[in-house]
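Asks: This is the structure I want to talk about, given as structure tokens.
The values are calculated or read from the model by the stated rules, or taken from the named source; none is laboratory data. This one's a predicted model, so the numbers in the text were calculated from it and none came from an experiment. When we count neighbours, we look across all protein chains shown, and the Cβ atoms used for this are built from the backbone with ideal geometry, even at glycine.
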Amino acid sequence: MSTILEYTPLATIEQYHADLQRTFKSNKCRPESYRRTQLLQLAYMIQENEARMIDAFYKDLGRPKEEVTFIETHIMIGACVYAIKNLRKWMKTEYAPMDMVTGILTPRITKDPKGVGLIIGPFNYPIYCTVSPLMGAIAAGCPCVIKMSEIVPNISALFEELVAKYLDNDAYRVVNGGVQETTKLLELKWDQIFFTGSGRVGKIVATAAAQHLTPVSLELGGKSPVIVDSTANIDVAARKILWGKTVNGGQTCVAPDYVLVSEDCADRLVEAFKKTYAKFYPEGAGKSASFGRIVDHRSFDRLKDIMDRSKAELLCGGESDRDTKFIAPSIYVNVSKEDALMESELFGPILPIVTVKNVQEAVEYVRQGPSPLVIYVFTTDGKTKEYIRTWTRSGGLMVNDVIIQAASDPVPFGGTGDSGYGAHHGRAAFDTFTHHRTMMEAPRIAELFMALRYPPYTAKNYVRLRLFAKVNIPWAKPGSKLSLLQRLWIKIFGAGVIVMLAAAVAQRLK
Ligand code: NAD
């Protein structure tokens, strides 16, 4: 039974935008104590309502509670706690390293909130994909509107109710709706847009943002490959890959999309998949309480069409039921490059296995496609890891596991090229909504040097100016050797720099 989601009226969307602009201008969200309180409220909002979230996830995605707790709620509580612990450090003004010309002006970088943010979320991880950037917006001191996905109505309705109850409504509002509502949102001017979803809609968002010169982060998907070589622990690799492919019914942006296995271990991997499959679903995936469902009939039909058109050999699974939106985890072998399974991001519980000669051929295979969100590598060979890292491009690289890289607060998470741009998690989310504003201040003594720049320009001042502003290149030109005179000049110039720096430090200490 799903709830009917109430869409936000278009006039209300305009009102939200105006209200949040006013709140931003009032500086209400700036104080550290305000940010801390809102982050704490966000953490408690998730903790105190986890049971309701689990229920909503089950209604919308048939998702087992273990997958809600492990990949959605607890990770996001952790993200808020991490932000609270690090907030002061992130907000701190940074002093730039001294340089010759501007050192005396004590250049520093203040962390200013960018303004009013807009977060647009996808259906598949509706809490993770909205709370993580929301944490960044709150930490940065930005009010924001969160647009939830209309195809998970129970979760989106619940999120709207909870945000209204737990967070400051002057600053944080949820919009629910579909294309029309998102289009309305995109007509308005925001100071940062954070979009998670498909590349198709990502282009619409980036185009709309460009009309207002609004910066955008695009968290997109793609075909994330897994490369397996013979040095890997094959049984463990099969277990991890199959879990990564079936969690949330395969509807995960960082799910392993397909496997490239070198021929010297392909048979072993296929056998390991068969064994793992039987262990994961002893009663069959259809009866298993450990496997979710496809979100809607449109996505079901898309996946079924791919399976029907595939000419590859089915190893496990293949069953489906449109009424219950069930597609069994399905593993295919002997998959050609032209097969329907390899056309685009699968985003469902279907796993093609492509056999290649060796790691070099696997790398070539990956390089011919768009840059994925992540590349997974199963190997114990250090040289192979380094070879793959050097010769490929992707948002992230994970060795000997899957998906859990998307759960780490201290490192940025995001794509590159076709898998998007910008990042979130921890500090990266804070930085996304923060303007790094340069500030300098001229002490009186600076005029001693700076006065050289004023007209009338004279030959004498020009000589001094050159001396003052001269930038020394401390390395010889490639292919040439430094002359003795050049070396001498470097030494004299170096001594000059030290004297100037000492003067600047003395000024600061005054
Ligand atoms: P989607 O692009 O269909 O929808 C995302 C959001 O855009 C929704 O809120 C939706 O209402 C809105 N939208 C849809 N059509 C629109 C239009 N024409 N104009 C304006 N807005 C529109 O994506 P989805 O199906 O919800 O999510 C699946 C995709 O998201 C997959 O490609 C997946 O890989 C990607 N994804 C990426 C990440 C990541 O972190 N990189 C995380 C989750 C999902």
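Asks: Can you give me the number of residues within the stretch 420-445 that are within 15 Å of the ligand (Cβ to nearest atom) and either basic (K, R) or in contact with a strand residue (DSSP E or B) (Cβ under 8 Å, 6 or more places away or on another chain) (or both)?
Replies: Residues of the stretch 420-445 within 15 Å of the ligand (Cβ to nearest atom): 420-426, 428-429, 432.
Now drop any that are not either basic (K, R) or in contact with a strand residue (DSSP E or B) (Cβ under 8 Å, 6 or more places away or on another chain) (or both), which leaves 420-425, 428, 432.
Here the count works out to 8.
Residues are listed down the side, and each one gets a yes or a no for (1) part of a helix (DSSP H, G or I); (2) over 18 Å from the mean Cα position of the chain (by Cα); (3) surrounded by fewer than 22 Cβ atoms within 10 Å (Cβ to Cβ):
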residue: S230; (1), (2), (3): no, yes, yes
residue: W243; (1), (2), (3): yes, yes, yes
residue: A255; (1), (2), (3): no, no, no
residue: V259; (1), (2), (3): no, yes, no
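Asks: Consider the stretch 294-318. How many of its residues are under 29 Å from the mean Cα position of the chain (by Cα), surrounded by fewer than 20 Cβ atoms within 10 Å (Cβ to Cβ) and not in a helix (DSSP H, G or I)?
Replies: The total comes to 1.
Asks: While we're on this one: If you check K245 against the conditions, is it within 16 Å of the ligand (Cβ to nearest atom), under 22 Å from V356 (Cα atoms) and not hydroxyl-bearing (S, T, Y)? Step through it out loud before you land on a result.
Replies: On the way: within 16 Å of the ligand (Cβ to nearest atom): yes; under 22 Å from V356 (Cα atoms): yes; not hydroxyl-bearing (S, T, Y): yes.
Criteria met by K245.
Asks: Starting from the stretch 165-180, keep only residues that are within 19 Å of A11 (Cβ to Cβ), then list their pairs with residues that are among the acidic types (D, E) and away from the ligand (no atom under 12 Å from the Cβ) whose Cβ atoms are within a distance under 6 Å, requiring at least 6 positions of separation or different chains.
Replies: Filtered contacts from the stretch 165-180: V174/E160; N176/E160.
Asks: So, one more: For the stretch 203-213: of the residues being more than 7 Å from the ligand (Cβ to nearest atom) and under 18 Å from the mean Cα position of the chain (by Cα), which is surrounded by the fewest Cβ atoms within 10 Å (Cβ to Cβ)? Lay out the reasoning, then the answer.
Replies: We begin by selecting, within the stretch 203-213, every residue more than 7 Å from the ligand (Cβ to nearest atom); these are 203, 206-213.
Within this subset, residues satisfying the condition of being under 18 Å from the mean Cα position of the chain (by Cα) are 203, 206.
On the way: K203: 12, A206: 17.
So the residue we want is K203.
Asks: Using beta carbons and a limit of 6 Å, which pairs, at least six apart or on different chains, have the first residue in the stretch 286-315 and over 22 Å from P126 (Cβ atoms) and the second one in a loop (DSSP other than H, G, I, E, B) and of a type outside the set (D, E)?
Replies: Pairs found: S288/Y281; A312/N334; A312/V335; E313/N334.
Asks: How about the stretch 326-352: which of its residues are over 29 Å from the mean Cα position of the chain (by Cα) and among the charged types (D, E, K, R)?
Replies: E338, D339 - these are the residues of the stretch 326-352 that are over 29 Å from the mean Cα position of the chain (by Cα) and among the charged types (D, E, K, R).
Asks: Only residues that are assigned to a helix (DSSP H, G or I) and under 18 Å from Y258 (Cα atoms): list them for the stretch 390-404, please.
Replies: Going through the stretch 390-404, the residues assigned to a helix (DSSP H, G or I) turn out to be 390-391, 404.
Answer for the stretch 390-404, where residues must be assigned to a helix (DSSP H, G or I) and under 18 Å from Y258 (Cα atoms): just I404.
Asks: Look through the stretch 431-477, keep the residues that are among the polar types (S, T, N, Q) and touching a residue at least 24 places away in the same chain (Cβ under 8 Å), and return whichever of them is nearest to L118 (Cα to Cα).
Replies: Only one residue tops the list, namely T432.
Asks: Of everything in the stretch 55-66, what is surrounded by 21 or more Cβ atoms within 10 Å (Cβ to Cβ) and part of a helix (DSSP H, G or I)? Give them in sequence order.
Replies: A56, F57, D60, L61
Asks: Answer with yes or no whether A429 is surrounded by 11 or more Cβ atoms within 10 Å (Cβ to Cβ) and in a helix (DSSP H, G or I).
Replies: The answer is yes for A429.
Asks: Please verify whether V247 is at pLDDT 95 or above and assigned by TED's automatic domain parsing to the domain that holds I46, treating the condition exactly as stated. Spell out how you get there, then give the answer.
Replies: Working: at pLDDT 95 or above: yes; assigned by TED's automatic domain parsing to the domain that holds I46: no.
Judged against the criteria, V247 is not a match.
Asks: Give the number of residues within the stretch 23-46 that are in a loop (DSSP other than H, G, I, E, B) and either buried (at least 21 other Cβ atoms within 10 Å of the Cβ) or among the small types (G, A, S) (or both).
Replies: First, the residues of the stretch 23-46 that are in a loop (DSSP other than H, G, I, E, B): 26-31.
The next check asks that each one be either buried (at least 21 other Cβ atoms within 10 Å of the Cβ) or among the small types (G, A, S) (or both); those that pass are 26, 29.
Count: 2.
Asks: Here's a follow-up. Among the candidates S344, S288, S336, S310, which residue alone is of a type outside the set (A, V, I, L, M) and in contact with an Asp or Glu (Cβ under 6 Å, 6 or more places away or on another chain)?
Replies: On the way: S344 fails: in contact with an Asp or Glu (Cβ under 6 Å, 6 or more places away or on another chain); S288 fails: in contact with an Asp or Glu (Cβ under 6 Å, 6 or more places away or on another chain); S336 fails: in contact with an Asp or Glu (Cβ under 6 Å, 6 or more places away or on another chain).
Just one listed residue meets the conditions, S310.
Asks: Examine the stretch 84-102 for a residue that is buried (at least 21 other Cβ atoms within 10 Å of the Cβ) and either out of contact with any helix residue (DSSP H, G or I) (no Cβ under 8 Å at 6 or more places or on another chain) or closer than 23 Å to V205 by Cβ (or both), and state whether such a residue exists.
Replies: No, because not a single residue in the stretch 84-102 is buried (at least 21 other Cβ atoms within 10 Å of the Cβ) and either out of contact with any helix residue (DSSP H, G or I) (no Cβ under 8 Å at 6 or more places or on another chain) or closer than 23 Å to V205 by Cβ (or both).
Asks: Condition first: under 14 Å from Y258 (Cα atoms) and aliphatic (A, V, I, L, M). Now tell me which residues in the stretch 350-389 satisfy that.
Replies: Within the stretch 350-389, I350, L351, I353, V354, V356, A362, V363, V366, L373, V374, I375, V377 qualify.
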